[in-house]
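Report on the structure given below.
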Amino acid sequence: MSENHTDHATQQLVQAAIKAAQNAYVPYSNFPVGAALRTTDGTVYTGCNVENAAYPATICAERTALVKAVSEGDRTFDALAVTTNSGGFPCGICRQMLYEFAPDLRVIVAMPDGQVLYDLPLNELLAHGFGPKELAPDASR
Ligand code: THU
């Protein structure tokens with residue numbers, strides 16, 4: 001679903017992501033990304049991408065926000081806002097890591113001016129995802 005009008009809470013989350021992008025360390029790609037991950041009790045963890053001279057060591061904005069949250073003891077999330085200059089979606093690795101904790105997470109993709117391009121559930125971005133349930137002793141299909 002694409003939306004042009006967003007509610008106040010959504011726009012607040014988008015603004016937090018836009019602000020986080022200002023801290024992006026992107027000397028190699030010059031492609032800043034900002035993320036804001038909201039817990040079900042309303043706490044917001046932000047993240048930016050942090051690149052590295054050994055390129056694959058780079059961490060994305062979404063995973064920065066996620067590991068900040070989990071390392072502080074938060075594991076239940078309801079929404080993520082992500083901003084890039086191109087309106088891009090979270091990458092596959094980020095989708096997978098987010099799916100671990102919140103398969104139904106709302107993913108809000110926005111532009112640096114606050115325009116929301118997409119607002120849709122993670123399980124649509126990562127259909128039939130592999131999660132903790134698959135490793136349960138009684139898991140079968
Ligand atoms: N990047 C993110 O931060 N999130 C994504 O979902 C896609 C890519 C970053 C990684 C790298 O610093 C830059 O964007 C270009 O790939």
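The values are calculated or read from the model by the stated rules, or taken from the named source; none is laboratory data. Quick caveat, the model's predicted, so the values are computed rather than measured. When we count neighbours, we look across all protein chains shown, and the Cβ atoms used for this are built from the backbone with ideal geometry, even at glycine. Each accessible area value is taken on the protein alone, full model and side chains, heavy atoms only, with ligands, DNA and RNA left out. Shrake-Rupley method; radii C 1.70, N 1.55, O 1.52, S 1.80 Å.
Worth pointing out:
- Helical segments meeting 18 Å axial Cα length and Kyte-Doolittle 0.0 threshold in the chain (DSSP H): 8-21
- Averaged over its residues, region 1-95 has an accessible area of 52 Å² per residue, based on protein heavy atoms and a 1.4 Å probe.
- Label separation (residue 43 vs residue 29): 2.7 nm, computed from points 7 Å beyond Cα along the C-beta direction.
- Each helix, a run of at least 4 DSSP H residues, gives -39500 (n - 2.57); summed and divided by the residues of the chain, these come to -8000 deg cm²/dmol at 222 nm.
- Across region 70-123, Cα-Cα distances exceeding 13 Å account for 58% of all pairs.
- Loop-located chymotrypsin sites (Phe, Trp or Tyr not before Pro) across region 1-57 with a Cβ neighbour count of 13 or fewer within 10 Å are 28, with loop assigned by DSSP.
- For the chain, the share of DSSP beta bridges that are antiparallel, to the nearest 5, is 75%.
- The chain: C-alpha gyration tensor shape, a/c 1.5 cut-off, then a/b vs b/c: oblate
- Over the chain, relative contact order from alpha-carbon pairs under 8 Å, at least 6 apart, %: 22 percent
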